[in-house]
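Structure, as structure tokens:
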Amino acid sequence: LEAAQRSAGLTQELTLNLLGFAAALALFSVPLLTMRLFAEELRNGSFTLLARAPVSLPQILFGKLLGLGGMLLVLAAHPLLPCLFLLPWLPLDLGLLLAAGLGLLLVLVSFAAIGLFFSSLSRQPATAAVGTYGVLLLLSVVNQVSPFDATAPILGWLAWNEHLLPFLLGLVSTPDLAYFLI
């Protein structure tokens, strides 16, 4: 919209622009971060050593996701830093910033889970990255069907960006949380 037609406040503009752009960048960066989580171990043959460790496979998966989640937490907090530096001078809505940050973190972790899945399917990291990127791209554009199509509500629910937008607008709802947790 043109500047005269906008009715959103400064905090909403910051969250939509900064955190929305960060989510779009994550679409390209998370497949590269996750491509070697399992694929490299499968290719080098070190997965047999990891599989014989006294931990279960779900614990290994959770550990890898948690380790990557620490780095993704830094990536999710990075776009919020300019907003936090503006707090002493501008009246920003802290609740809206926190909701948007939570939404970005949930998007990043869901991207990482998809990347971890594809990394466990392939021995080649590049194949895992391409598979992850393909699914993330499909989940980005799946809601662009005709509104008169009978599958439009289902396909609209599958798109991750439809569930991120309420977070960026300050609305934390149970269906959107459930989408990212699933």
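The values are calculated or read from the model by the stated rules, or taken from the named source; none is laboratory data. Owing to the predicted nature of the structure, the values given are computational and were not obtained by experimental measurement. In this analysis, Cβ positions are derived from the backbone assuming ideal geometry, glycine residues included, and neighbour counts consider all displayed protein chains. Side chains are part of the model used for accessible areas, which takes the heavy atoms of the whole protein and leaves out ligands, DNA and RNA. Shrake-Rupley method; radii C 1.70, N 1.55, O 1.52, S 1.80 Å.
Please tell me if Thr127 is polar (S, T, N, Q) and open to solvent by 20 Å² or more (accessible area, probe 1.4 Å).
yes
Does Ala51 fit the bill of being of a type in the set (A, V, I, L, M), open to solvent by less than 80 Å² (accessible area, probe 1.4 Å), touching a Ser or Thr at 6+ places or on another chain (Cβ under 6 Å) and more than 22 Å from Ser140 (Cβ to Cβ)?
Criteria not met by Ala51.
I'd like to verify a number: residues in the stretch 91-113 that are in contact (Cβ under 8 Å) with a residue 60 or more places away in the chain, under 22 Å from Gly67 (Cα atoms) and among the aliphatic types (A, V, I, L, M), how many?
First pass over the stretch 91-113, keeping only residues in contact (Cβ under 8 Å) with a residue 60 or more places away in the chain: 92-93, 95-97, 99-104, 106-112.
Right, trim to under 22 Å from Gly67 (Cα atoms) and you get 101-104, 106-112.
Then drop every residue that is not among the aliphatic types (A, V, I, L, M), which leaves 102, 104, 106-109, 112.
Residues that pass the stated criteria total 7.
Exactly one of these conditions fails for Leu25: (1) more than 17 Å from Ser119 (Cβ to Cβ); (2) surrounded by 14 or more Cβ atoms within 10 Å (Cβ to Cβ); (3) modelled with pLDDT of 85 or more; (4) not aromatic (Phe, Trp, Tyr). Give me its number.
Unmet condition: (2).
Looking only at the stretch 73-112, which residues are aromatic (Phe, Trp, Tyr) and surrounded by fewer than 18 Cβ atoms within 10 Å (Cβ to Cβ)?
Narrowing the stretch 73-112 to residues aromatic (Phe, Trp, Tyr): 85, 89, 111.
Hits for the stretch 73-112 are Phe85, Trp89.
Do any helices (runs of 4 or more DSSP H) lying entirely in the stretch 105-182 carry at least 3 residues that are more than 29 Å from Leu57 (Cβ to Cβ), and which ones are they?
152-158, 160-168, 174-181
If you go through the stretch 56-72 one residue at a time, do you hit one that is over 30 Å from Ala22 (Cα atoms), among the hydrophobic types (A, V, I, L, M, F, W, C) and open to solvent by 40 Å² or more (accessible area, probe 1.4 Å)?
So the first thing to find is which residues in the stretch 56-72 are over 30 Å from Ala22 (Cα atoms), and the list is 56-57.
Keeping just the survivors that are among the hydrophobic types (A, V, I, L, M, F, W, C) gives 57.
This time we only want the ones that are open to solvent by 40 Å² or more (accessible area, probe 1.4 Å), so: 57.
Yes, the conditions are met somewhere in the stretch 56-72.
Pairs only if they're at least six apart or on different chains, beta carbon under 6 angstrom, first in the stretch 134-159 and farther than 20 Å from Phe118 by Cα and open to solvent by 40 Å² or more (accessible area, probe 1.4 Å), second modelled with pLDDT under 70 and not aromatic (Phe, Trp, Tyr); list them, first residue then second.
Correct list of pairs: empty, since none qualify.
Of the residues in the stretch 30-45, how many are without any contact (Cβ under 8 Å) to a residue 40 or more places away in the chain and open to solvent by less than 50 Å² (accessible area, probe 1.4 Å)?
Result for the stretch 30-45: 2.
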